[in-house]
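J.: Below is the structure I would like to discuss, written out as structure tokens.
Laboratory data are not the source of any read-out in this text; all were calculated from the coordinates shown. These numbers were taken from a predicted model, which means no experiment stands behind them. Every residue, glycine among them, receives a Cβ derived from its backbone with ideal geometry; neighbour counts consider all protein chains shown.
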Amino acid sequence: MTGGGPLLPEHVAALPLTKAVFQEAMRLYPPAPVITRQVEAPFSLGGVSLKEGMVLYVPIQAVHRHERLWERPDVFDPTRFLGEAARGRHRYAYLPFGAGPRICIGSAFATMEAVAILAVLLPALRLEPVSVRAPEPTLKITLRPKQPLRMTATARA
Ligand code: HEM
């Protein structure tokens, strides 16, 4: 991948599938599964009157698995984020970094970092889950696996 040399920014840019794998993992398991907003001035949303001071929950994880927004929503399929498949999707169907004026300022950095880490680790190590059961998520400020996510790491030849 790097020809044995150090990982450079151009390597990261040349790994669209690795990036798609990260994006798909964040769709199924968004680290921030819920964000909140407080109503500043009364308004109506979908026929519901919202009063000043009310707290609204934006259920990011539920949006990411909504069957009207995603085909086979519970299936891990990174190709959703490649080429044509990604075009035409509603802007707010995928919100791992939030949206609007307060969108995560670190989103590009976090994505680049994740791709870089995967690009260094995966060619060197084969990672296999110890358990065959899918991880059970739990909310502890951020979304985490309820039980430790044990993996076996084997050096690749
Ligand atoms: C996978 C990694 C990350 C995820 C999933 C994530 C997610 C989010 C989300 C959902 C928000 C919006 C919160 C809201 O609207 O209430 C946010 C805001 C923010 N994030 Fe991240 N973040 C990540 C990494 C980072 C990194 C690496 C940095 C800094 C280098 C960062 C800095 C910030 C800051 C400063 C805000 C507040 C922005 C504002 O309110 O104007 N985040 N993040």
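J.: How large is the Kirkwood hydrodynamic radius of the range 9-126, counting all unique pairs of alpha carbons, in Å?
T.: Kirkwood hydrodynamic radius for the range 9-126: 16.2 Å.
J.: Hey, another quick one. Using alpha carbons only, how many angstrom separate the centre of the range 133-151 from the centre of the range 64-89?
T.: Here the answer is 23 Å between Cα centres.
J.: Net charge near K146: determine it from the other residues with C-beta under 10 Å of the C-beta of K146, scoring Lys and Arg +1 and Asp and Glu -1.
T.: +1
J.: Rounded to the nearest 0.05, what FRET efficiency is calculated for A124 and A14 with R0 set to 22 Å and r the Cβ-Cβ distance?
T.: That pair, A124 with A14, gives E of 0.75.
J.: Just need the Rg to Rh number for the range 64-134, please, alpha carbons only, Kirkwood Rh.
T.: 1.02
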